[in-house]
Amino acid sequence: MPASISYEFFPPRSIEASFRLWETVTALQHTQPEFVSVTYGAGGTTRKLTHEAVEAIGKHTGLNVAAHLTCVDASRSETLEIADRYAEAGVSHLVALRGDPPKGSAGFTPRADGFASSVDLIEALAGTGKFELTVGAYPEKHPEATDARANVDWLKRKIDAGATRAITQFFFDADCFFRFRDDCAAAGIDAPILPGILPIQSWSGVKRFAAQCGATIPNHLANAFETAERDGRTELLATAVATQLCTKLLEGGVEHLHFYTLNDPTLTRDVVHALGLAPEPALENVA
Ligand SMILES: Cc1cc2nc3c(=O)[nH]c(=O)nc-3n(C[C@H](O)[C@H](O)[C@H](O)COP(=O)(O)OP(=O)(O)OC[C@H]3O[C@@H](n4cnc5c(N)ncnc54)[C@H](O)[C@@H]3O)c2cc1C
């Protein structure tokens, strides 16, 4: 049985970005993802755009679309109302996260009338009985975790609260994922944990993201990208790096890969093709 795949997109904030999202969705559609998901801007800043993107992708492609939902800077009733609107629109899969605070703020501060944590949010969403709930997971120490073990204990609480699947933050070392998967299994977590794969589209962008979320960049990758950048060959290297990581994961028993597309289909499509995970094209379509 070949591994299944899924993709993450973000909601567009301009007409040009809408075209880019649409090109990404249509370029990846033929690979038959099990589901795709649309993020929710930091600080809850894309409520309407996320909803519109989720609806439009579902309506025009027939793909299973999950909506990310966070509880930053919103009351419990506002958050549950957003969830209800998804249920009314036929969207039954939510990626439920505490969420990142708006850029420039000091950190997550729960509102008196809001959800106190991701666990609190997941319990309430599960209580509605309307949703399949996926959550975030962290193979490396999350910046707010006391240590890496805390991520495992907290994920267990999120699964016990009603989530049935987790998607990890990106990472570059397959062994790091395997250690986390083993620790989760030992802690009694039996929900599937999908590795989140970030094909490296921009080396400077990845260094920035990694510093923010606590992901480790191995030294050999830093050296390789710096040389490849000088020679204008980063795309080739990025495809090889992501393909190799995915190959190790698949060899280690992973059955699903989740790709962070950043609304650019090229690298993700090439990696999925290189892994042989896209359905074979019909013979008449082969040039
Ligand atoms: C797959 C995925 C999708 C994402 N999509 C979005 C998105 O659409 N929009 C967005 O804004 N952000 C998104 N993020 C980023 C995410 O919001 C941040 O990483 C945020 O800081 C944590 O959210 P969470 O629900 O995963 O956190 P949690 O799992 O609640 O917390 C992260 C870690 O912090 C520690 N922790 C947090 N609270 C407690 C507590 N009360 N007690 C003990 N330990 C605690 C635990 O170690 C935990 O593992 C995504 C992340 C992932 C992995």
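The values are calculated or read from the model by the stated rules, or taken from the named source; none is laboratory data. This structure is a prediction, so every number in the text was calculated from the model and none was measured. Neighbour counts are summed over all protein chains in view; Cβ atoms, including those assigned to glycine, are modelled from backbone coordinates with ideal geometry.
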> Going by the structure shown, is Ala53 buried (at least 18 other Cβ atoms within 10 Å of the Cβ), at pLDDT 95 or above, among the small types (Gly, Ala, Ser) and within 18 Å of the chain's Cα centre (by Cα)?
Replying inline: yes
> So which residues in the range 237-251 are free of Cβ contacts under 8 Å to residues at least 40 places away in the same chain, farther than 21 Å from Ala210 by Cβ and not β-branched (Val, Ile, Thr)?
Replying inline: Glu251
> Just checking, how many residues over the range 93-137 are modelled with pLDDT of 95 or more and of a type in the set (Ser, Thr, Tyr)?
Replying inline: 4
> Taking the range 43-59 as the region of interest, how many residues are within 13 Å of the ligand (Cβ to nearest atom), over 9 Å from Pro11 (Cβ atoms) and not charged (D, E, K, R)?
Replying inline: 3
> Which helices (runs of 4 or more DSSP H) sit wholly inside the range 115-190 and have at least 3 residues that are more than 22 Å from Phe259 (Cβ to Cβ) and in contact (Cβ under 8 Å) with a residue 24 or more places away in the chain?
Replying inline: 118-128, 148-160
> What is the number of the single condition among (1) assigned to a loop (DSSP other than H, G, I, E, B); (2) surrounded by 15 or more Cβ atoms within 10 Å (Cβ to Cβ); (3) free of Cβ contacts under 8 Å to residues at least 60 places away in the same chain that Val254 does not meet?
Replying inline: (3)
> Mind checking which residues of the range 70-90 are part of a loop (DSSP other than H, G, I, E, B) and touching a Gly at 6+ places or on another chain (Cβ under 7 Å)?
Replying inline: Cys71, Val72, Asp73, Ala74, Ser75
